Amino acid sequence: MFDAAAVLKQSAKEAAALAKQTGVDEKPQIATRADAQDEADRRNYAIQAAIGAKEGAAEAITNKVGSDITDSVLRNADGNDNKSVDEYTLYEVLQAAIQGAIRPTMTEILSQKVAVINHKFDFRKTVATNMEILRAKVNRVTSYGITHDETEITLTLLANIDYATHHDWGRELHPAMQEICKRYKYNHTHTAASLADILAELAAADAILTLGDAPEPSNESANAVNDTVSLFQDLMQAQSAYEESAFAVHSDSDSSTNTRQRSSRSKSRERGNKGRGRSKSRDKDKGINNDCPGCKEFKHRKRHPNIDNAKCFWNKKYKGFRPAWICQEMEIPYKGRHKFSSDMGGY
């Protein structure tokens, strides 16, 4: 900060330096205390504005990313006191914010990848404009290291065009789509050259397409890609349910076999002992000898001789995977198999 004395001193020093260079006596530009005070106020006003802007920017960044990220720059080493405005730079604050930014999860990145594949064209705009929007989404995914090559981009483009050709407002695109299908088979590996050729073919159709006739994109399945993604998700869910059922069947397969064998022997003994007056109710009450505490607690009679009692699905202390129907009966939360290791019944 400046005061009147500092301004007078600086002005006199500048006049002396100028007189030394020219050999002529020079008078200071600011010679009175009143003028010096006005100059000091002017300089201080500019400095205060710069300080306020710097502090405001630092505060805005802190509010955005959190003080736990910017404290390393804005506070002293012990973390108790704030640094003065001259002890840090906005560049350092921004670098701390970038390094401490929350990275997206793998699930979020995958969702963005699927969003690119599932992109719907707005046919109220030209194909070229829709391609620019699609390219922007691809670039966003590419920044996370996820590749989306020309073949995938072309597939999304052609799926949208194919959808449009099945409606009255997109009939002008049908001849262009036929020509494209003649040139490139369904299994063609597209490159930048083939994509450019396809866009050139569609540009001619764009010229005669009435954009106002096309409807606004809705939440319904608007193209073949949507149907494919939905089918893929259904298959994955069905596969997961099948694996859970198979795992449960595998767990009880040995006990089921032993139960059938014992049942057969029991029926044979009943037929053999019927003449001696042996009671059927006596055999029924004998039951099956299952020494597993978990099975006994939930009245599950099937034995599992090849599975240790500690790994029994009905054992409350077991920390591994359980099928959904067992979790429901035990009144505990269900967890998918992907959350467990292979040793604990997961994958």
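The values are calculated or read from the model by the stated rules, or taken from the named source; none is laboratory data. All values derive from a computational prediction rather than experimental measurement. All accessible areas refer to the heavy atoms of the entire protein, side chains included, with ligands and DNA or RNA removed. Shrake-Rupley method; radii C 1.70, N 1.55, O 1.52, S 1.80 Å.
Before moving on, here are some points about what is shown:
- Greater than 26 Å apart at Cα, pairs in LYS137/LYS339; LYS9/LYS83; LYS317/LYS339; LYS296/LYS335; LYS113/LYS319: LYS137/LYS339; LYS9/LYS83; LYS113/LYS319
- Shape call, segment 144-224: gyration tensor on alpha carbons, a/c limit 1.5: oblate
- Cα gyration tensor, segment 1-91 - rounded (a/c under 1.5), prolate or oblate: prolate
- Accessible area of ARG75 in the full protein assembly, 1.4 Å probe (Å², nearest 10): 70 Å²
- The orientation-averaged shadow of the Cα convex hull for segment 71-222, equal to a quarter of the hull surface, comes to 13.7 nm².
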